[in-house]
1. What distance in nm separates the simple spin-label points at residue 40 and residue 311, each placed 7 Å from Cα in the Cβ direction?
2. If packing is taken as the average number of other Cβ atoms within 10 Å across a peptide's residues, how do 83-96, 232-245, 342-355, 291-304 rank, most packed first?
3. Grab the beta carbon distance between residue 166 and residue 208, set R0 = 22 Å, and tell me the FRET efficiency rounded to 0.05.
4. Could you give me the radius of gyration and the Dmax of the stretch 138-242, taking only the C-alpha atoms into account and expressing both in angstrom?
5. At 7 Å along the Cα-to-beta-carbon direction for both residue 193 and residue 153, put a label point, then send me their distance in nm to one decimal.
6. Please pull out the direction-averaged projected area of the stretch 49-182, using the convex hull of its alpha-carbon atoms, in nm² to one decimal place.
7. Which of 72, 208, 255 has the fewest other C-beta atoms within 10 Å, and how do the rest follow up to the most?
8. Run the Debye formula on the Cα coordinates of the stretch 246-371, all scatterers equal and no solvent, and tell me log10 I(q)/I(0) at q = 0.13 1/Å.
């Protein structure tokens, strides 16, 4: 295995010199840009960026002693997508098992430095079956799943899904790619009287049987169509979950993305949609967080306990500085379950910290830098840096809007490639 040559930053080994960050990411991606802004706002040198394409080609990278290493999303780059999934149209759905194998191998090939993301935990976070099993074992409330954990039922195709629906009495369930992200390959399946089946999904079934990601949510109303979507996805691994009725805002289904940094819930956003999937790139919209909190308290529940549930979920991954937790409110806003925990769930541009979180005035990236400065990530930064200021709250055209729809999902999803193009309804993930 070859490793990317690294010129050890002199400052990282010299007592009294300012500590340095390194980022494995796509240099052109705004995630890297937002993190760089946060580092500079903390009075630190700009992070050294190692491009994913180089790391994948070289088989890894070596970091200098004292470098704080952030692993960022490899998404939104067609060349990197080809290196991870192999050749083919970037809008295709299949190939996530290969993506997962190559991504986790590349992460394991990183050595040295002070990692802010644990490679073993990333491998769990990018496998919905394993992640669900870890949460369930820790007592975190999650939707019922027949595929959860090491003893989960295998799903070889639609016939297995249908059988599990009957055996587990799940007339409504979500079918998800085990290694998918950003709602790619997700089907919300429901059975009706007479054994009829329908599914809501963003997957486009082409006449030749190929599957493509789409910006348009569609509905398949025959079991034959649903099987034609599920069967080609099964070799990549499928995860099934009971479809729980969710609370709503203004007649739209609602859930929350809560970012947890160093064990503390720092940021939250409500996502609403007319569809079961609330992702912004699929027509979802940011909801009213104050109204959600008021609804929780009016129902006699405790908002602080809802945030604490997200912190419990994040505590299952103690070696990962930051995760995004999908919190699902039940009808009436009184009870909550955790839908997913996302390794790259911090892309929430323009969103500042929750009151009392310690991240007031900071975006998600600024909050992470501040946590490391306090000594809460990979050993901390000591006294060399100052906490980042409100300048890290937003950049560019997203300033003050935070809708995240111009480039990428903007709801904290684990994006892989660009969702932003509205010219063609086939959209990469």
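1. For the pair residue 40/residue 311, the computed spacing is 3.4 nm.
2. Numbers: 83-96: 17.8, 232-245: 19.8, 342-355: 23.3, 291-304: 15.4.
Highest mean packing first, the order is 342-355, 232-245, 83-96, 291-304.
3. Values: r = 31 Å, r/R0 = 1.43.
So, using R0 = 22 Å, E works out to roughly 0.10.
4. 13.3, 45
5. Result: 2.6 nm between the two label points.
6. Details: hull surface 39.6 nm².
Orientation-averaged projected area of the Cα hull: 9.9 nm².
7. On the way: 72 22, 208 5, 255 25.
Lowest to highest Cβ neighbour count: 208, 72, 255.
8. Computed log10 I(q)/I(0) values: -0.47.
Read-outs: derived from the displayed coordinates by stated rules, not from any lab. Because the structure is a prediction, the values reported are computed rather than measured. A quick note on method: Cβ atoms are made from the backbone with ideal geometry, for glycine too, and the neighbour counts reach across all protein chains shown.
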